[in-house]
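Below is one structure, written out as structure tokens; comments come after it.
The values are calculated or read from the model by the stated rules, or taken from the named source; none is laboratory data. For clarity, every value in this text was computed on a predicted model and none was experimentally measured. Here Cβ is always computed from backbone atoms with ideal geometry, including for glycine, and neighbour counts include all displayed protein chains. Keep in mind that these areas ignore ligands, DNA and RNA; they rest on the heavy atoms of the full protein, side chains included. Shrake-Rupley method; radii C 1.70, N 1.55, O 1.52, S 1.80 Å.
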Amino acid sequence: MQITMKELPLSEKPYEKCLAFGTEKLSDAELLAVIIRTGTRGRNAIDLANQILNVSKTSEGILNLTHLTIQELLRVKGIGKVKAVQLKCIAELSKRIVKATVKKGMVFTLPSDIAEYYMEDMRHKEREELLLIMMNSKNKLLQDMVLSRGTVNSSLVSPREIFVEALKYGAVSIALVHNHPSGDPTPSKEDIFITKRIREVADLVGIPLIDHIIIGDNKYISMKVRGIL
């Protein structure tokens, strides 16, 4: 017979356990159970949380919250729209907190530093995005911004806009990052054209373009390493 949340001893109830010992003492399932609050007939909130943590075949544990869509969460019995949205919002907040914390001291010394920092954000996107990365004299990240969404096209990317932003933030160097939703990071002819066009303007302005990173599915290509830049 399934034990309900009310039947659990106080020391095992996630909410009461959190109040008594702090959030760090809760397991991933217990943390989710606090958010979910209620289970379904025959399953308490902790059981439901465990199902969510193990529902995906491609990722494990708490990472499921990042990868599962709202539609996939809705297929879990006991998860309605409100709970699904709450869980996705929590996952997004977690990602932003981590990124904001890392961003303060982020230094891009190698192409892999840039690729690793943006990989998780960009490899799951269904459309292409082109990012401008601005750095100081020590290659520390000053700011990043989206230059275009959709197919990266030279007609949509303005070198003038790039260097207006670079000058505004006092950038000493810049880099470009964009994703290929296909998962294959091989640069297209348009990618190469855009890169060379921006590099020419960068050389004139005196704010060098140090790299253009293309992100695929858990892999990337550096145009600098490839000798394109």
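Brief remarks follow.
- Selection of the range 198-214 for residues being surrounded by 14 or more Cβ atoms within 10 Å (Cβ to Cβ) and among the charged types (D, E, K, R) yields R199, D211.
- Pairs where the first residue, in the range 119-131, is farther than 18 Å from L141 by Cα and in contact (Cβ under 8 Å) with a residue 60 or more places away in the chain and the second is open to solvent by 20 Å² or more (accessible area, probe 1.4 Å) and among the polar types (S, T, N, Q), C-beta under 7 Å, 6+ apart: R123/N218
- Pair list, Cβ under 6 Å, 6 or more apart: the range 158-183 residue in a helix (DSSP H, G or I), other residue surrounded by 17 or more Cβ atoms within 10 Å (Cβ to Cβ): P159/I198; I162/L132; A166/M134; A166/I174; A166/I207
- The range 64-79 residues that are over 15 Å from L32 (Cα atoms), paired with ones that are among the aliphatic types (A, V, I, L, M) (beta carbon under 8 Å, 6 or more apart): I70/A84; I70/V85; E72/V55; L74/A84
- Among the residues of the range 137-194, those that are hydroxyl-bearing (S, T, Y) and surrounded by fewer than 18 Cβ atoms within 10 Å (Cβ to Cβ) comprise S137, T151, S154, S155, S158, Y169, S182, T186, S188.
- Flag if E190 is closer than 15 Å to I207 by Cβ, modelled with pLDDT under 95 and part of a helix (DSSP H, G or I): no
- Just one of the numbered conditions (1) outside any helix (DSSP H, G or I); (2) at pLDDT 90 or above; (3) touching a strand residue (DSSP E or B) at 6+ places or on another chain (Cβ under 6 Å); (4) over 22 Å from A100 (Cβ atoms) is not true of V146: (4).
- Candidate set: the range 193-214, residues that are under 16 Å from L147 (Cα atoms) and either among the charged types (D, E, K, R) or assigned to a strand (DSSP E or B) (or both); chosen: the one modelled with the lowest pLDDT: R197
- Conditions (1) open to solvent by less than 60 Å² (accessible area, probe 1.4 Å); (2) outside any strand (DSSP E or B); number of the one not met by M134: (2)
- Considering the range 159-214, and only residues there that are farther than 24 Å from M119 by Cβ and among the aromatic types (F, W, Y), the residue that is farthest from the chain's Cα centre (by Cα) turns out to be F193.
- Subset tally (residues that are assigned to a helix (DSSP H, G or I) and either at pLDDT below 80 or touching a Cys at 6+ places or on another chain (Cβ under 9 Å) (or both)) for the range 24-49: 4
- Scanning the range 70-90 for residues being open to solvent by 60 Å² or more (accessible area, probe 1.4 Å), assigned to a helix (DSSP H, G or I) and in contact with a Ser or Thr (Cβ under 9 Å, 6 or more places away or on another chain) gives a total of 1.
- For I228, the conditions (1) surrounded by fewer than 17 Cβ atoms within 10 Å (Cβ to Cβ); (2) touching a residue at least 60 places away in the same chain (Cβ under 8 Å) are fulfilled apart from (2).
- Restricting M122, M106 to residues that are open to solvent by less than 30 Å² (accessible area, probe 1.4 Å) and not aromatic (F, W, Y) narrows the list to M122.
- Test: L93 is open to solvent by 70 Å² or more (accessible area, probe 1.4 Å), over 22 Å from I215 (Cα atoms) and of a type outside the set (V, I, T): yes
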